[in-house]
Structure formats: C-alpha cells, structure tokens
1. Which semi-axes, in whole Å and largest first, does the equivalent ellipsoid of the stretch 124-306 have when worked out from the alpha carbon gyration tensor as the square roots of 5 times its eigenvalues?
2. If I stretch the segment between VAL66 and SER123 completely, what's the gain in nm (0.36 nm per residue apart, minus their alpha carbon distance), one decimal?
3. At 7 Å along the Cα-to-beta-carbon direction for both ALA271 and SER138, put a label point, then send me their distance in nm to one decimal.
4. Take HIS258, project a point 7 Å from its Cα along the Cβ direction, then tell me which residues of the stretch 222-244 have their backbone nitrogen under 19 Å from it.
5. Near the amide H of ASN212, under 5 Å away, which other amide H atoms are found, from residues 5 or more places off or on another chain, if H is placed in the peptide plane?
6. Need one word for the stretch 1-49: rounded, prolate or oblate. Basis is the Cα gyration tensor (sqrt eigenvalues a ≥ b ≥ c); a/c below 1.5 gives rounded, then a/b vs b/c decides.
7. Please give, to one decimal in nm, the separation of the simple spin-label points placed at THR28 and ARG239, each 7 Å out from Cα toward the Cβ.
8. Run the numbers for ALA46 and ARG186: contour at 0.36 nm per residue of separation, minus the present Cα-Cα distance, in nm.
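FYI, it's all coordinate maths here, none of it is from the lab. These numbers come from a predicted model, not from an experiment. Heads up, the Cβs are rebuilt from the backbone with ideal geometry, glycines too, and the neighbour counts pull from every protein chain shown.
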Amino acid sequence: MRRTLGRAIADFLVHIRMERSFSRNTATAYRRDLRSFTRFLALQGADPELLDPEDIGRPDVRAYLVHLAAERGLKSSSASRHLACLRSFFRFLAEDERWQISHDPTLGVRHPKTARRVPSVLSVAEVERLLAASEKVSPYPQRDRALIQLLVQTGCRVGEVARLRLEHLDLDRNTATFLGKGEKDRVVPVTPTTVAQLRRYLEEERPRLARNASEASTGPGAAVFLNTRGRPLSAGGVRRLFREIRKHAGIGKRVTVHTLRYTCLTFLMEAGVDLRMLQELAGHASLHTTQLYTHLAQWRKTDAVMKHPFA
C-alpha cells in the first residue's frame, strides 16, 4: 500500500463513519478540516498525494494553527476544533495496523486559549412572546407552536427535531426519543402542555400537510414535522421558520433557534436540576460542556442582583 496523506485521510473517514458511527454531519466537518490542513501543507510546498503522514511533524501542526489565526482570522474556538480533528486523525494512524505511524505530531501541541462566551438566553416573557408569535406567521399555527414549544421545553438540537419520527413520540407516556450526536438515542420527558400541543398539531394540521406530499408521509417512520409540501421539515426549514417567528415577536437581540436550547437548559439548572441529569437531558458527551450552564445561571443571578435599586 502506498502511504500517502490522501489515502490516510480516506481511510480515516471510512473509519469514523463505519466503525465509530459518527453522524454524516460530523464526518463532513472532519473532511472539511482535513482538507484545510492538506491545503496548508500544499502552500508549504508539500504534495499531499506523495507526502507520507509519517513525515508530518509537530512544527507543521503548530504552523498550521498560527496560519488559522493569522491568515484566516479564525477564533481560538475554531482553531481548537481543527486541532481536535488532527488529534483524532493522527491517533487513528498510530493505532491502525495498516498505518502504525511512529509518532503523533499533535502531542504536546496545546489548544489555543478560548475565551468563554456567555450565550444569549431568553427570559420567560420573551419565550411567551415567541409562542404567541408562532401562531401568526404561517397557515399552520398548531405545527409552529408545537415546534417552538418542543424545542424550548426539551432543549433538543435543531437537527434532532428535524430527524424526529412519529415512532419516536410516546405521548401516552409523555416522552420523546431524540437521535443525538454520534447516533446516540436519548429519551426526554415531555410536559403535559407540550404533549397537548403536539396532539393538536398531529390531529388537526399534520393530516392536511401529509396530503400535499407525493410520497408517503404517514406511518411510524414518517417525520413528525412536515413542510407545506408535505415533506419532512429540514433543519434549514426550522431555522427559517424561527427567524420569521422571532421577527414577528419583536425580539431585537441576536438570537438563533439554538438559543432555545440554551434557554431550556439554563431554566432547568436554575430550577435545581443537577449537572449529571442535565448532561443526560442535553445529550452532552462531556460534563465539561454542561458546566457552562452553571456559569450561565450564576451570571444571570449576578445580573439580576445588579438591577436592585440599591445596587
């Protein structure tokens, strides 16, 4: 086997999809980051179709991180993502019996320092305005309200709600099963008010939407949320709909549909849900990610105290 960087990347991408069951989106992100690294090496005079991964050293990785910051202006969080991708790639090459490179050039390379950014969170009043506005932006108000209510109540990701199927809902037991990152399922409780709203949508509007489809939109494997053509509402469709609802609600600050996830998890943290339980509900692989909400809840408390008339 000819040992080239291009072949190594191809083997790695097959490995993360077939053996580690990474999602298509995650695999695409890894491919994009590795292409970026390959282009950088080409700028330095290397030929990716001839370069043996064994010949890549720690100075190359460090120079690449400098390039990302200086030439491309990437934030430290984005540069950290690129480094994490390279770590996974070279770890695979070190452990895989076909490659077994003698050294990992990412060892000893530190992650760029990342400034912790406090994400935007909606107030209860703003959530209520969103819910009210969701009933006024399209001919399908029950669908739109059910969608926003499910997002803000469960804290699910946009991609998860887009992949939600009828068979994933158990409204008699008040649960929804979401397919999260890494193709991992998690069962999340659904409150009675959200269950009632979902039932209204499923009984009153979804049958009308399904009639618009040329292909079958019924059966257990069909999508819960449909667009006006009766097809599954995509993640992009969810984002576009949210932008219309946000505009109609008159919320001026910069928020995205992902803000609903931040809002839900912050509300739960403030209500006393412990970190481990919050990690399970959110589907976080690392408790470190969940700990952000501890800082966020504390920041909100401090902000509230600072509004005291004698502060």
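1. Values: eigenvalues 158, 78, 37 Å².
Those come to 28, 20, 14 Å.
2. On the way: separation 57, 0.36 × 57 = 20.52 nm, distance 3.95 nm.
Working it through step by step, the gained length comes to 16.6 nm.
3. Label-label distance for ALA271 and SER138, simple model: 2.6 nm.
4. 234-244
5. When sequence neighbours closer than 5 places are left aside, there are no close amide H contacts.
6. Values: a/c = 5.03, a/b = 1.59, b/c = 3.17.
It comes out oblate by the Cα gyration axes.
7. 1.0
8. On the way: separation 140, 0.36 × 140 = 50.40 nm, distance 4.47 nm.
My answer for the length gained is 45.9 nm.
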